[in-house]
Amino acid sequence: MTELTELGVAAIRDGVAKGDFTAAEVAEAFNANVAAAQDALNAFIVATPDKAIAAAKATDAKRAAGEALGKMGGVPIGMKDLFATVGVQTTAASHILEGFVPQYESTVSQKLWDAGAGMLGKLNLDQFAMGSSNETSYFGNVISPWRRNDGGNAPLAPGGSSGGSSAAVSARLCPAATGTDTGGSIRQPAAFTGITGIKPTYGRCSRWGIVAFASSLDQAGPMARDTRDCAIMLEAMAGFDPKDATSLDMPVPAWEAGLSADLAGKTVGIPREYRMDGMDADVAKSWDDGIAWLKDAGARVIDIALPHTRYALPAYYIIAPAEASSNLARYDGVRYGLRDLPDGAGLQDMYAATRAAGFGAEVKRRILIGTYVLSAGFYDAYYTQAQKVRTLISRDFTAAFEQCDVILAPTAPSAAFALGDNIDDPLSMYLNDVFAVPASLAGLPAMSVPAGLNREGLPLGLQIIGRPFDEQGVLNAGLAIEQRAGFAAKPEKWW
Amino acid sequence: MTESTYRIQGATGEWEVVIGLEVHAQVVSKSKLFSGAATAFGAEPNAQVSLVDAAMPGMLPVPNKECIRQAVRTGMAINARINKWSRFDRKNYFYADLPQGYQISQLYHPLVGEGAIEIAVDEKNPEATKTIGIERIHVEQDAGKLMHDQHPTMSYVDLNRSGVALMEIVSRPDMRSPAEAGAYLRKLRAILRYVGSCDGNMEEGSMRADVNVSVRKSGAEFGTRTETKNVNSVRFVMATIEHEANRQVDLIESGGKVVQETRLFDPGTGTTRSMRSKEDAHDYRYFPDPDLLPLELDDAFLEDCRNSLPELPDAKRHRYENELGLSPYNAQVLTAEVETARWFERLLGEAAKAQGKPPADVAKQAANWLISELFGALNKLGIALENSPVTPEKGAELLALIGDGTISGSIAKQVLEKMLETGDGAAAIVEREGLKQESDTGAIEAVVAKVLADNADKVAQFKAGKEALFGFFVGQTMKAMQGKANPQVVNELLRKALG
């Protein structure tokens, strides 16, 4: 029998159901991996081994009683620490929420527990999901399990903001993890670590109980070893929630059952604007590989235009900080979380001291940008203009999807960079999201699948963007690539 | 249309006052605008606070349809344009009573557009009206409340009110005197109470006004205005205007300039003082709330809102005049408050039933009795109409006894007093106290004869032309019969006897 921690969601679910092993055995195996890797990788902010065991035992008891097991029955997962979990500290990786223990469970995490999943722990992330390298976490950065093949052993970024999730899945600390994606925070870390992640259509997953970054963009999704595992987990996470006014009131399709790598009759669009000057040669090659694989799967491949692509990143870096500056106003030291009350301080002093001590530099930077672009006299020049760009980006996609069914592009402009490489240069850090952000602005489903390794031995991801609500089309194209890429690489265990 | 003659007499001549009101009216609904928490007044601090109201991480607002419905109905009641597409915006500022760090409001696309209210400045002359324009009504969240008296150095926060729905009703600067502003507020409150969208209770803070005042020489451009915040009674609003207008005139005439600023009214001194100037004004950084989709109303919803509207005060007043034949004054008094109108209509229905007549035939009797008898009696006892021990049914019973001649109007006053005292029915009191009116001609004739015989000197004077003595004979006859004689019969028989 293979080692249990080598198994993914489908294999664990099926193995538990068949009785090949118990859910408790699975949970114990992953708990051990979590504990063993914590010092080296720092993927978790809090480990919850007892929760994983308790959920597993509940699944085993159900099986013993002959009851049906859920979609995620017996599968332990990691929970990005942006999801509120009842009784378990929820921090968004920020000092300002250190010690905050919610009395409520986010809709998405509750759905996962209801489907039989168990929690291995709360995963590290960029503070308030703002970052592409996990270096903005108050609890120290996650270190990618991957290393370059140059023998230098430079610690690499696991991507961000869902960097704890990507590191943990690729290092076999959990078979799958939740992520959230505002401007690439599922797809870029998935690409950096050789795993699969999908951001569904905006509104598919309830945002209720997820610490908000930018409300009009935030969307939860699964991060797992392969496409099938993502389909299974997304089914468990998605669904209408009356507590979220932007939630989609649509049935959840049976994505796993609908998986098919046969793309006959499908058209794949290749956006010429994504092919940029000075593009990384390995990234360009993997894109060409992807085109070939999709043709091989029966798809027709055409060039398409997304003319406003180059305005997407600037628009995103106006809209997301604007919303964040308002969403983060609630962290004021009055009701919960950190309170810094200097001697003799008044209310304004308390706000200033609390927020100065509680927020990290990147969070402050975005609050300042957001406050600026919304302020009187600048609103129209920045925010209104950015919203117009957003509309144009959406129209680009609408027009493109009249010609094609899915769009193929690289997930990120490069493979994982070394920690510290971009930390003093926010603009080059922001450029990491250049391919991811357009789909976010348009609210489209988009996933990253591993395509291969670059010359440094690091994973590269390919991104598939689909029509609104067509997660199936995205997953199927992802499956076609996955089957042809034959990506089996995994980080060599050094921790 | 009446023109206000209200002017401030300054050293340089007369000044006209220009007034606009922004009224915050708490929406009547079981739960808050964006959460399921209860809204009842007077609960223990922080007993009605949901996770959303406390702005816990990851909490999201979901619009409460009932609050939207109430605001739409209110808009319809002032004949306003209802915007089928509106949107919520965030108004960002930090304060300890504002958990989210922003108030969800509507700046760019309010739910209700232009409307108008007709006011009557002179209660005695309800026909002399003036139209006050309403610019918009938007829906927004209320804030919580700070309590500064619970701890020597700390302030406490009560979030019960946090998230309760408010309608902000913004008038045009169409008012020109404290009296007009008072009439506008009373009329607006009446309409809100008729519609049932706000209880109009200014003492409990469910209705409060921001008062915008400026002064100008007649016909000149509008002057710079000040805004006095959160004034919570009609009287205080009028006092604010009075004080603020005089202050501005004095300031301008002594060479100063009015600055655009926010002011506070001090009920103790009846004066206003500066709170913050335009320079310190917040930059609220309004932007569309990304947690909420635009509000789109369909025709069925609007139709349902329209159908649910009751008869409104102006329509009711006209009906009372035209169909019931009431005087404009009585119609005005009876329709000014929805409780009075409801009470009157129940009385009217019962009275018509008891006397077997169409309502129009008993309306005047009922209106006169309610206004001149019951109001007065209740007033003396300090009891509100809603709590009157004499119910409309019991009032109708009394009116029927007057109507069929069983008792006279003056006896009815006594009966009403007894009813208020004991809570007993009119017929039972009349029976028990033997107050039944004597209409028997024979019995009255005998008394009349005796009165005339006993007062032969007065009869002689009467016959000599001192006709005013007729009243004396009526009085003596009624007195002899303990007031129970039918006054009409007494009159007739006296006339006959005195030839």
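The values are calculated or read from the model by the stated rules, or taken from the named source; none is laboratory data. What you see is a predicted model; the values in this text were computed from it and never measured. Cβ placement follows ideal geometry from the backbone for every residue including glycine, while neighbour counts extend to all protein chains displayed.
Could you check B:ARG81 against (1) surrounded by fewer than 17 Cβ atoms within 10 Å (Cβ to Cβ); (2) within 30 Å of the chain's Cα centre (by Cα); (3) within 11 Å of another protein chain (Cβ to nearest Cβ) and say which number it fails?
Unmet condition: (3).
Identify, from the list A:ILE270, A:ILE318, A:ILE302, A:ILE291, the residue that is out of contact with any Pro (no Cβ under 9 Å at 6 or more places or on another chain), over 29 Å from B:LEU60 (Cβ atoms) and either part of a helix (DSSP H, G or I) or within 14 Å of chain B (Cβ to nearest Cβ) (or both).
Going through A:ILE270, A:ILE318, A:ILE302, A:ILE291 in turn, the sole match is A:ILE291.
If you check B:ASP291, B:ASP299, which single one turns out to be free of Cβ contacts under 8 Å to residues at least 60 places away in the same chain and of a type in the set (D, E, K, R)?
Numbers: B:ASP291 fails: free of Cβ contacts under 8 Å to residues at least 60 places away in the same chain.
Unique residue meeting the criteria: B:ASP299.
What single numbered condition from (1) surrounded by 17 or more Cβ atoms within 10 Å (Cβ to Cβ); (2) touching a helix residue (DSSP H, G or I) at 6+ places or on another chain (Cβ under 7 Å) fails to hold for B:GLU323?
(1)
I need the full set of residues from segment B:146-188 which are within 13 Å of chain A (Cβ to nearest Cβ) and more than 28 Å from B:PRO63 (Cβ to Cβ), in order please.
B:HIS148, B:THR153, B:MET154, B:SER155, B:TYR156, listed by residue number.
Can you pull out every residue in segment A:150-170 that is under 16 Å from the mean Cα position of the chain (by Cα) and assigned to a loop (DSSP other than H, G, I, E, B)?
Matches in segment A:150-170: A:ALA157, A:PRO158, A:GLY159, A:GLY160, A:SER161, A:SER162.
Going through segment A:96-119 one residue at a time, which ones are closer than 16 Å to A:PHE139 by Cβ and either in contact with a Leu (Cβ under 6 Å, 6 or more places away or on another chain) or among the hydroxyl-bearing types (Ser, Thr, Tyr) (or both)?
Matches in segment A:96-119: A:ILE96 only.
Of all residues in segment A:83-107 being within 16 Å of the chain's Cα centre (by Cα) and more than 14 Å from A:MET119 (Cα to Cα), which is nearest to the other protein chains (Cβ to nearest Cβ)?
In this case the residue turns out to be A:ALA92.
Condition first: within 14 Å of another protein chain (Cβ to nearest Cβ), part of a loop (DSSP other than H, G, I, E, B) and in contact with a helix residue (DSSP H, G or I) (Cβ under 6 Å, 6 or more places away or on another chain). Now tell me which residues in segment B:259-291 satisfy that.
Scanning segment B:259-291 gives B:ARG285, B:PRO290.
Scan segment A:202-221 and give yes if some residue there is away from chain B (no Cβ under 13 Å), assigned to a loop (DSSP other than H, G, I, E, B) and in contact with a Phe, Trp or Tyr (Cβ under 9 Å, 6 or more places away or on another chain), otherwise no.
Yes, segment A:202-221 contains a residue that is away from chain B (no Cβ under 13 Å), assigned to a loop (DSSP other than H, G, I, E, B) and in contact with a Phe, Trp or Tyr (Cβ under 9 Å, 6 or more places away or on another chain).
Looking only at segment A:330-345, count every residue that is of a type outside the set (D, E, K, R) and more than 10 Å from chain B (Cβ to nearest Cβ) and tell me the total. So that I can check it myself, show each step before the final result.
So the first thing to find is which residues in segment A:330-345 are of a type outside the set (D, E, K, R), and the list is A:331, A:333-334, A:336-338, A:341-342, A:344-345.
Add one more test, that the residue is more than 10 Å from chain B (Cβ to nearest Cβ), and what stays is A:338, A:342, A:345.
Selection size over segment A:330-345: 3.
Give the residue that is farthest from B:GLU16 (Cα to Cα), with candidates limited to residues of segment B:223-232 that are assigned to a loop (DSSP other than H, G, I, E, B) and either among the charged types (D, E, K, R) or modelled with pLDDT under 95 (or both).
B:ASN232
Here's the yes/no breakdown for (1) of a type outside the set (Asp, Glu); (2) part of a helix (DSSP H, G or I); (3) under 25 Å from B:ALA77 (Cα atoms):
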position: B:LYS316; (1), (2), (3): yes, yes, yes
position: B:TYR320; (1), (2), (3): yes, yes, yes
position: B:LEU324; (1), (2), (3): yes, no, yes
position: B:ALA331; (1), (2), (3): yes, yes, yes
position: B:GLU345; (1), (2), (3): no, yes, yes
position: B:ASP361; (1), (2), (3): no, yes, no
position: B:GLU386; (1), (2), (3): no, yes, yes
position: B:PRO389; (1), (2), (3): yes, no, no
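Just checking, which of A:ASP349, A:ASP433, A:ASP425 is among the charged types (D, E, K, R), more than 25 Å from B:VAL52 (Cα to Cα) and either within 14 Å of chain B (Cβ to nearest Cβ) or over 26 Å from the mean Cα position of the chain (by Cα) (or both)?
Result: A:ASP349 is the single residue among A:ASP349, A:ASP433, A:ASP425 that is among the charged types (D, E, K, R), more than 25 Å from B:VAL52 (Cα to Cα) and either within 14 Å of chain B (Cβ to nearest Cβ) or over 26 Å from the mean Cα position of the chain (by Cα) (or both).
Would a scan of segment A:385-393 turn up a residue that is on the phi < 0 side of the Ramachandran plot, free of Cβ contacts under 8 Å to residues at least 12 places away in the same chain, basic (Lys, Arg) and away from chain B (no Cβ under 14 Å)?
Within segment A:385-393, not a single residue is on the phi < 0 side of the Ramachandran plot, free of Cβ contacts under 8 Å to residues at least 12 places away in the same chain, basic (Lys, Arg) and away from chain B (no Cβ under 14 Å).
Quick one: count up the residues across segment A:2-35 that are touching a residue at least 12 places away in the same chain (Cβ under 8 Å) and assigned to a loop (DSSP other than H, G, I, E, B).
Counting residues in segment A:2-35 that are touching a residue at least 12 places away in the same chain (Cβ under 8 Å) and assigned to a loop (DSSP other than H, G, I, E, B) gives 7.
Please go through segment A:9-32 and give me each residue that is buried (at least 20 other Cβ atoms within 10 Å of the Cβ), under 29 Å from A:SER137 (Cβ atoms) and not β-branched (Val, Ile, Thr), ordered by number.
Within segment A:9-32, A:ALA27, A:PHE30, A:ASN31 qualify.
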